[in-house]
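See below for the structure under consideration.
Since every read-out is calculated from the coordinates, none of them should be taken as a lab result. Fair warning: this is a prediction, and the values are worked out from it, not measured in the lab. Methodologically, a virtual Cβ is constructed for each residue, glycine included, from the backbone with ideal geometry; neighbour enumeration extends over all protein chains shown.
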DNA sequence: GGGGCGATTGTTATCGCTCACATTTGGCCG
DNA sequence: CGGCCAAATGTGAGCGATAACAATCGCCCC
């Protein structure tokens, strides 16, 4: 920077002003400085800048398995939005979502000097970790969180599950079975709640619930059980991957979908449309989740001390060919 | 840091030594300093450290659409490995992989002060961007690259495609159709080469090749064309998602898989095992790709001026139920 | 023509740390 | 018991930027 100043015949402060686009620099001076910067191939040192300003223009993202479609898409949208806002994203991915790992990750990011943190934590313990977070860095929870915790951006899981269940009921199915996600995932709980309370409201019998771990394999196992029960005519599965497994199991056991059994998934992964048959599912707009959460974090960073709020994003039921009226109807 | 030094009754330099785990500090002194740090809840400032040492302990990853299974898994493995090595990962994801965006992304990371960069760039223009990269930051290419470019870690696409094609030939199919990926992806080209040269070597007729864009939708379209041709008995599809589309199209047109038509995919995404029928495919070990590339980058950072090298990871053919002997056999 | 004022530009201190070197300490040996 | 050497600790100088304030410059107006 000193070299640039010398070459342009100005002080280093003026160079700084040009770099930061400050007003109060004569166009002619600015031109000279810009030319000097070009000639010397000068780039400001972010460490020096961070040292004096106290901010790094870097945001941290803590996420569970970024191999999964949901977190991956959310992360992607976050990165795009951050880029547009002039921020970098540094990511910490967790293999386990217990309280300790989440707190550790946030702390690690904080030490590293990020200006804010987004936490993509669908799991219960992880959400708890954010309840009494030591202050110091603005944090926004994404996809799931506790009330009275940090601000939250999430899709309305309850509504999504309810609409899926209602669809099946409306088609004439006497009741709807459910393959839930792991019970320690808040989203799994909320989807279960939406399913259960819709059945209750409709006065339908509530069948025994099956539980999987989000994987196609666990869906397959659940599907085998469902296939064994001739009374099963409609299934709401807590995510598309498990729904894929259910589809396979039913198919193997010779149950025709949707003529004999209707299946609804959740997420709308890109593959869902090409399952056999194309899967009726509940779409979550992960892109919007990512963008909203970034927007909220940026706001929180501006005027901190801002009261926790929550943004809810509506899911959308996508009807395809895995659902139909029940056999008798 | 000054406060810690005062509280512990030592100089700031001694505190620095303790923080950096340097030798030459008496255990008793170290204990006092550690206690003081704990009491004051002290954390070293990374910006200050980066300013003086010139390194940030941060690595950059430039990647194409991190929503796809391949890049997502690779990224995940990279992050895990980086974490273990004490590095942070900052990520830039690209929507387009042309020369300019890739160079821009690398430059952006460089300006931001990363110690090294990994570029996950399956596309041609992107790979070209790395050929005459301005020096300054160590760069390793992941998944695809040019000869005479930066060091590269990738799965042997040619071998994978060859093994898939050979499997089908060995089952007795007279020849093998191919649904390729976009022609500007190096991986698509290499898979095509593997397919073509295996057919040539076997003296089999080389059917007209179809091309998709990696999406299930494009696979579906290709599948419809294949279904219309009764001579098609074996198809090698360049990725699992397109294979899913092919499966659907064939199924819709009443072609039984694998009795009438055999299908092989590429990647082995987690869902592949639960397709209808479970997909025979070529597994790429993305985790290993991620770990190897990080290892290579770290090496490159140590002794720079190190000659470009390449690490090749062997793919693995996973035989499931979408392949069988041809109808006549 | 001098005063005044806003627009430019320069000066100095400082951010929190590590590096290089100077200094002190402590133990062992002759 | 003094001297010597290595181990332990301290001192001062930057790293490369921004912030706060000071100093000029130029122009307008009475």
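A few remarks follow.
- Any hit, region B:59-74, residues being without any contact (Cβ under 8 Å) to a residue 12 or more places away in the chain and out of contact with any helix residue (DSSP H, G or I) (no Cβ under 6 Å at 6 or more places or on another chain): no
- Looking across B:154, B:159, B:164, one residue alone is in a helix (DSSP H, G or I), surrounded by fewer than 24 Cβ atoms within 10 Å (Cβ to Cβ) and in contact (Cβ under 8 Å) with a residue 60 or more places away in the chain. It is B:159.
- Counted residues, region A:252-265 - those being within 21 Å of the chain's Cα centre (by Cα) and over 19 Å from residue A:225 (Cβ atoms): 0
- Test: residue in region B:29-41 that is near DNA strand C (Cβ under 9 Å from one of its atoms) and either surrounded by fewer than 15 Cβ atoms within 10 Å (Cβ to Cβ) or within 41 Å of the chain's Cα centre (by Cα) (or both): no
- Inspection of region A:124-143 identifies no residue that is within 14 Å of chain B (Cβ to nearest Cβ), touching a strand residue (DSSP E or B) at 6+ places or on another chain (Cβ under 6 Å) and crowded, with 24+ Cβ neighbours inside 10 Å.
- Among the residues of region B:97-112, just one is within 23 Å of residue B:49 (Cα to Cα) and surrounded by 24 or more Cβ atoms within 10 Å (Cβ to Cβ), namely B:109.
- In region B:222-231, the residues that are surrounded by 19 or more Cβ atoms within 10 Å (Cβ to Cβ) and under 32 Å from the mean Cα position of the chain (by Cα): B:222, B:223, B:226
- Scanning region B:274-296 for any residue that is free of Cβ contacts under 8 Å to residues at least 24 places away in the same chain, touching a helix residue (DSSP H, G or I) at 6+ places or on another chain (Cβ under 9 Å) and within 18 Å of residue B:73 (Cβ to Cβ) turns up at least one such residue.
- Residue in region B:59-82 that is within 14 Å of DNA strand C (Cβ to nearest atom) and buried (at least 19 other Cβ atoms within 10 Å of the Cβ) present: no
- Screening region A:1-98 for helices (runs of 4 or more DSSP H) wholly inside it with 2 or more residues that are away from DNA strand D (no atom under 16 Å from the Cβ), under 26 Å from residue B:107 (Cβ atoms) and at the interface with chain B (Cβ under 10 Å from one of its Cβ atoms) returns the ranges A:69-84.
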